[in-house]
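One structure is given here, and the rest of the page talks about it.
The values are calculated or read from the model by the stated rules, or taken from the named source; none is laboratory data. Just so we're clear, the structure is a prediction, and the values are computed from it rather than from any experiment. Note that each Cβ is placed from the backbone with ideal geometry, even for glycine, and that neighbours are counted across all protein chains shown. To get the accessible areas, we keep the full protein, side chains included, count just its heavy atoms, and leave off ligands, DNA and RNA. Shrake-Rupley method; radii C 1.70, N 1.55, O 1.52, S 1.80 Å.
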Amino acid sequence: MQYILDFAIRHKSPRFKKFGFAMYRTHLLNANLMDQLYDLYKKKFPSELQELAITDPAMLFRLKAIFADKENKIDSATIYFKKAEQLMRNQYPLRKSQFYYRYAQFLIRHGRKMEAIEMLHKSYKLAEEAGFQDNMLSASELLNSLYIQMADYKNAYVYLLQTKKLTDSIHEWSDKELLFRTQIEHD
């Protein structure tokens, strides 16, 4: 990815550069590689943060929140998360669902479990409305874990069942896809 980004910058290809950064950023966020994400924007390409201020302010504040958290500036991170949340209102559901999930992870790391539960419910609801089962699964697993930690076994059980249901559904879909591919290859 580093080579692709360097290539796009050297050849002055703004669309390719924007696409490369978006793909790499998504990979780093999904893989939870926050140190590499920090290095990418803070050390290697600091000008890209300024560009995000124009092209995607919601992402800018999400990144600033992540970086402030990494630098142990918890109050600043909270402010950035709240600004990002305001800007996320018109984003598509998957992106909002992922945002609320990451916000919940931040809140959990800093002992704010009740707020995290609220964010996870938002993440789950958005994912459910849009049919994103992977996001629903992530949120339900974390909700189950939080409810267990808080000794709220009734809600923990609800999300344990939901997690099992989603896991089974995802596996069933994967099995059907594999069967379909096998059939195509055979034909």
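Can you confirm whether Ala65 is crowded, with 22+ Cβ neighbours inside 10 Å, more than 17 Å from Tyr38 (Cα to Cα) and of a type outside the set (S, T, N, Q)? No: the conditions fail for Ala65. With respect to being buried (at least 19 other Cβ atoms within 10 Å of the Cβ), acidic (Asp, Glu) and more than 13 Å from the chain's Cα centre (by Cα), Glu71 falls outside the description. Assuming Asp56 fulfils every condition listed in (1) over 21 Å from Ser138 (Cα atoms); (2) open to solvent by 40 Å² or more (accessible area, probe 1.4 Å) apart from one, which condition is it? Among (1) over 21 Å from Ser138 (Cα atoms); (2) open to solvent by 40 Å² or more (accessible area, probe 1.4 Å), Asp56 violates only (2).
Looking across region 40-52, the residues that are assigned to a helix (DSSP H, G or I) and open to solvent by 50 Å² or more (accessible area, probe 1.4 Å) come down to Lys42, Lys43, Lys44, Ser47, Gln50, Glu51. Being open to solvent by less than 40 Å² (accessible area, probe 1.4 Å) and within 24 Å of Leu87 (Cβ to Cβ) holds for only one residue in Leu37, Leu5, and it is Leu37. Would you pick out the residues in region 20-65 that are polar (S, T, N, Q) and closer than 15 Å to Tyr103 by Cβ? Once the filter is applied, which keeps residues that are polar (S, T, N, Q) and closer than 15 Å to Tyr103 by Cβ, region 20-65 yields only Asn32.
Out of Gln91, Gln86, Gln133, one residue alone is polar (S, T, N, Q) and modelled with pLDDT of 90 or more. It is Gln86. Can we say Glu85 is under 14 Å from the mean Cα position of the chain (by Cα) and assigned to a helix (DSSP H, G or I)? The answer is yes for Glu85. For region 13-24, the criterion of a residue being farther than 25 Å from Ser138 by Cβ and exposed (fewer than 13 other Cβ atoms within 10 Å of the Cβ) is satisfied by at least one position. The sole residue among Phe99, Phe67 that is assigned to a helix (DSSP H, G or I), at pLDDT below 95, farther than 21 Å from Lys122 by Cα and not acidic (Asp, Glu) is Phe67. Quick one: would you say Lys154 is more than 26 Å from Arg112 (Cβ to Cβ) and modelled with pLDDT of 90 or more? Considered against the rule, which asks whether it is more than 26 Å from Arg112 (Cβ to Cβ) and modelled with pLDDT of 90 or more, Lys154 comes out as no. Inside region 89-125, residues that are of a type in the set (A, V, I, L, M), crowded, with 22+ Cβ neighbours inside 10 Å and within 13 Å of the chain's Cα centre (by Cα) make up a count of 3. Would you check if Leu146 is farther than 20 Å from Lys64 by Cβ, in contact with a Lys or Arg (Cβ under 6 Å, 6 or more places away or on another chain) and surrounded by 15 or more Cβ atoms within 10 Å (Cβ to Cβ)? Spelling it out, Leu146 is indeed farther than 20 Å from Lys64 by Cβ, in contact with a Lys or Arg (Cβ under 6 Å, 6 or more places away or on another chain) and surrounded by 15 or more Cβ atoms within 10 Å (Cβ to Cβ).
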